[in-house]
Amino acid sequence: MRISVQREDFDLGAEVKAISGNPRIGAIASFVGLVRDVPMTLEHYPGMTERAIGKIVEEAKTRWQVMDCTVIHRYGTLKPNDQIVLVAVASGHRGDAFAACEFIMDYLKTRAPFWKKEQTPEGARWVEAKDVDDEAAERWRGFTQSRRIS
Amino acid sequence: MKIRVLYFASVREKLGKDAEEMDLPAGIATIAGLRSHLQARGGAWAEALADGRLLRTAVNQDMAQPAAAIKPGDEVAFFPPVTGG
């Protein structure tokens, strides 16, 4: 498991390769989030951020087979098309890898202490939290059945 | 009771402060109590921490509800709903 909150960019290929060594791994699902439309600055709560992501990953491990996992989230100043976040999950089969990856991403959006401030043509503004993100996290409540699709 | 209080994002900007050490008067033992105590400073404090404003709080780097207890030495944080990812 690797959790990193960093200013620097990351390399998806290298990160996937880094968690693919175990011969029992049959699937790696990954998600990369990009900056859309306008430049932004990401602020976070050092210490709590890593802790919150760690708890989300632990929660995913109780629900699905997670053989390895990497979560990277950037902070600082980012421009359109820059990579912001990476979640990569290694599992025996794709069902668990897909589900755990999406779960981690949905929970991260509502529980990890990051805040985006967009630099719009009209000036800087803090991004408002979206109900749709809460709903995306909420739909996992009680979802514990492991999907084994080979 | 001595605690450390942190402010993030729009809350930090409105208050013009990111952290402070506080010695809480006796009788303030929850996050809700601390929030009221800070509101009573008036001005930006009353506005940024107003009851109607949707805020999240954490105690010792775990999300916490308004009724959560505060102990000496705790780190308490106030911030808006998160927008990462």
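Here are a few things to note about the model shown:
- In the protein assembly as shown, a dipole from Cβ-located charges (positive for Lys and Arg, negative for Asp and Glu) runs towards its positive end, and of A:G142, B:A67, B:L24 it is A:G142 whose Cα lies farthest in that direction.
- Karplus (6.51, -1.76, 1.60) ³J(HN,Hα), θ = phi - 60°, over the range A:25-40, in Hz, Gly and Pro reported as x: 6, x, 8, 10, 9, 9, 9, 10, x, 10, 6, 9, 6, 10, x, 8
- With the whole protein complex present, A:I28 retains an accessible surface near 60 Å², based on a 1.4 Å probe.
- A simple charge model with +1 on the Cβ of Lys and Arg, -1 on the Cβ of Asp and Glu and nothing else charged puts the dipole of the protein assembly as shown at about 440 debye relative to its Cα centre.
- The range B:73-78 - phi-based ³J(HN,Hα) in whole Hz, Karplus 6.51/-1.76/1.60, Gly and Pro as x: x, 5, 10, 10, 10, 10
- CD proxy at 222 nm, helix term only [per DSSP H run n ≥ 4: -39500 (n - 2.57); per residue of chain B; nearest 500]: -6500 deg cm²/dmol
- In Å², nearest 10: area of A:K130 left accessible to a 1.4 Å probe: 100 Å²
- Computed from Cα atoms, the angle from the helix A:94-111 axis to the main principal axis of chain A rounds to 30 degrees.
- Extreme residue, positive dipole direction of the protein assembly as shown, given options A:P23, A:I3, B:T57 (C-beta unit charges): A:P23
- Sequence-separation-based contact order of the range A:75-134, relative, with Cα cut under 8 Å and 6+ spacing, percent: 20 percent
- Summed residue charge, Cβ within 10 Å of B:M22's Cβ, Lys/Arg positive, Asp/Glu negative: -1
- Residues losing 50 Å² or more accessible surface upon assembly, the range B:64-85, compared with the chain by itself, 1.4 Å: B:V82, B:T83, B:G84, B:G85
- Here the simple spin-label model places points 7 Å from the Cα toward Cβ, and for A:K130 and B:M22 these points are separated by 3.4 nm.
- Per-residue mean of foreign Cβ neighbours for A:107-117 is 5 (Cβ atoms of other chains, 10 Å radius).
- Largest GNM mean-square fluctuation among B:A46, B:A32, B:A67, using chain B with Cα springs under 10 Å: B:A67.
- Residue-level accessible surface for A:H44, protein heavy atoms, 1.4 Å, Å²: 20 Å²
- Estimated purely from DSSP H runs of n ≥ 4, each contributing -39500 (n - 2.57), the mean residue ellipticity at 222 nm for chain A is -10000 deg cm²/dmol once divided by its residues.
- Accessible carbon and sulfur surface of the protein assembly as shown relative to its total accessible area, %, 1.4 Å: 50 percent
The values are calculated or read from the model by the stated rules, or taken from the named source; none is laboratory data. Predicted model only: the values in this text are computed from it and were never measured. A quick note on method: Cβ atoms are made from the backbone with ideal geometry, for glycine too, and the neighbour counts reach across all protein chains shown. Surface accessibility is based on the protein's heavy atoms, side chains included, excluding ligands, DNA and RNA. Shrake-Rupley method; radii C 1.70, N 1.55, O 1.52, S 1.80 Å.
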